[in-house]
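**Q** This structure is in structure tokens; I'll ask about it shortly.
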2 protein chains.
Amino acid sequence: MKIGVVAPASRLEPETAERVSALAAERFGERLAIQFHPQCFESEGHFAGSDSARTKAFLEFANDEGLSAVWFARGGYGSGRIAQAVLDGLKQAAWRKLYLGYSDGAFLLGGLHRHGFHAVHGPIPHDIRRDGGDAAIARALSFLLDRASESLEPSIDGTKPTAAFNITILSHLIGSGLMPELSGHVLMLEEVSEHLYAIDRSLCHIVTTESVKRAAGIRLGRCSDVPPNDPEFGQTPEEIVRHWCRVAGIPFLGPADIGHDVDNKIVPFGFLKDLP
Amino acid sequence: MKIGVVAPASRLEPETAERVSALAAERFGERLAIQFHPQCFESEGHFAGSDSARTKAFLEFANDEGLSAVWFARGGYGSGRIAQAVLDGLKQAAWRKLYLGYSDGAFLLGGLHRHGFHAVHGPIPHDIRRDGGDAAIARALSFLLDRASESLEPSIDGTKPTAAFNITILSHLIGSGLMPELSGHVLMLEEVSEHLYAIDRSLCHIVTTESVKRAAGIRLGRCSDVPPNDPEFGQTPEEIVRHWCRVAGIPFLGPADIGHDVDNKIVPFGFLKDLP
């Protein structure tokens, strides 16, 4: 299997790519080839190259018959700036592959799911830099190669479609052409480095949308590195999510094993069985 | 004239209210009476009392025939949590008064403007705590009492409807029942304490909305206390706004004299001439 890596948002360090390639070779040998697009290492301000460079690289790999998956090098910020241009340029070969990422990458995953492409939430190359990051990378690759069931978020039983989002990113999809239909989905949410008041504000926004109101329910992943709230917010992230679920009449279904960490699990957008 | 102050978001210190009352008495004597609702000083977690306490106080003052204006004590966070309940409870007397606030208060101002009430962006009681804050308070009160033209944002010439928003808050209105129609409006934007990448992300979101695409143009106020971006973002706030105006085909009209500071000017939502 051949996997292509592009960077739709922030830049990847070449050394990070080397570590991922070495890990893949050690664990999976000749079963797997990972191709890092040179665009991953470009730099323009905040981004891994200009909007047009990132769009071009994404489309080159998405429309390449020889690749089975497009893996997003890193989150950060920038996917939303190119997502519509990417969707406009996808061709036949793009339907037959998986798109794997999370965090800022959900601008693309959301838009891809909206249009019926195979989007998947899960670990990305940049995660190898975390303590214990090898496990996250191996989990992602095991899923891409073998659909390894131990890579999956453990509540997923195949009976309902699923989706996973960073809370802030989902709030920024609302009303845009990237917002997917989430009716009947188990919606898993996670967050990193946002104040509790900002998490509450995003959820207040998210539950106003009809698409989310029709979800089968919400599960909450980890909200990590939350800065101090002044004054004390007075509610935990789970209490916040339970509150907004109650207000909007959406079932709260419990925890999700996802987050900005090495334990972050795989969550398909839609049904697992529909993946190629 | 009698003005009522409520706190739809964060709590006001009683000492701040005393300073505002003293300033009003000194500058305007018996022409003006300011009534601080006791709810301003309540506290529940992040907020000036529970959602129901804040809603009740807002409606009590908005529906009071004896008040000419409802002034929002402070921004912070919380207006969006009660805005729909407030709109649902407004009665006849609520049509004949002004609603003055900014920042988080724009959740309410946006919803009020959507439904034809008289919303106004401008300084709020909490601003008296800034260095030189007396001038901001006097500006707000001069406008409420006398529609003082020197209180107005200087580009306002009465030929076009106007509106002013904190960038993050406007992004959070999109798709909700609080988003006003902005066709033909000169839209003035400002921000505080947000990273440049987050300002860019919000603008990318804002210009996707049809309502904003039909605006007469965008003016940019001050973006203050911007935390360092890693890496350097590579664009100033004005360059960011110019970029998104160009992408969406919205005229960029130059600076606006608004922001989270003592120079923040008055901007009516809609036409100045339509204010009571």
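The values are calculated or read from the model by the stated rules, or taken from the named source; none is laboratory data. Bear in mind the structure is a predicted one, so any value in this text is a computation, not a measurement. So basically every Cβ, Gly included, is an ideal-geometry build from the backbone, and we count neighbours across all protein chains shown. Surface accessibility is based on the protein's heavy atoms, side chains included, excluding ligands, DNA and RNA. Shrake-Rupley method; radii C 1.70, N 1.55, O 1.52, S 1.80 Å.
Listed here are the residues, each with its yes/no results for (1) under 16 Å from A:Gly122 (Cβ atoms); (2) surrounded by 17 or more Cβ atoms within 10 Å (Cβ to Cβ); (3) in contact with a Leu (Cβ under 8 Å, 6 or more places away or on another chain).
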{"site": "A:Ala215", "(1), (2), (3)": "no, yes, yes"}
{"site": "A:Pro251", "(1), (2), (3)": "no, no, no"}
{"site": "A:Gly259", "(1), (2), (3)": "yes, yes, no"}
{"site": "A:Asn264", "(1), (2), (3)": "yes, yes, no"}
{"site": "A:Pro268", "(1), (2), (3)": "yes, yes, yes"}
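**Q** Does B:Ala140 qualify as being among the aliphatic types (A, V, I, L, M), in contact with a Pro (Cβ under 6 Å, 6 or more places away or on another chain) and modelled with pLDDT of 95 or more?
**A** For B:Ala140, the condition - among the aliphatic types (A, V, I, L, M), in contact with a Pro (Cβ under 6 Å, 6 or more places away or on another chain) and modelled with pLDDT of 95 or more - is met.
**Q** Out of everything in segment A:105-133 that is part of a loop (DSSP other than H, G, I, E, B) and open to solvent by 10 Å² or more (accessible area, probe 1.4 Å), what residue ends up being nearest to A:Pro276 (Cα to Cα)?
**A** Top of the filtered list is A:Phe117.
**Q** Taking the condition touching a Pro at 6+ places or on another chain (Cβ under 9 Å), more than 14 Å from every other protein chain (Cβ to nearest Cβ) and not charged (D, E, K, R), does B:Gly110 pass?
**A** Criteria not met by B:Gly110.
**Q** Determine whether segment A:88-95 contains at least one residue that is under 21 Å from A:Asn264 (Cβ atoms), among the hydrophobic types (A, V, I, L, M, F, W, C) and in a loop (DSSP other than H, G, I, E, B).
**A** no
**Q** Which one of B:Phe117, B:Phe47 is touching a helix residue (DSSP H, G or I) at 6+ places or on another chain (Cβ under 8 Å), within 14 Å of chain A (Cβ to nearest Cβ), under 30 Å from A:Ser171 (Cα atoms) and not basic (Lys, Arg)?
**A** Details: B:Phe117 fails: within 14 Å of chain A (Cβ to nearest Cβ).
Every option except B:Phe47 fails the conditions.
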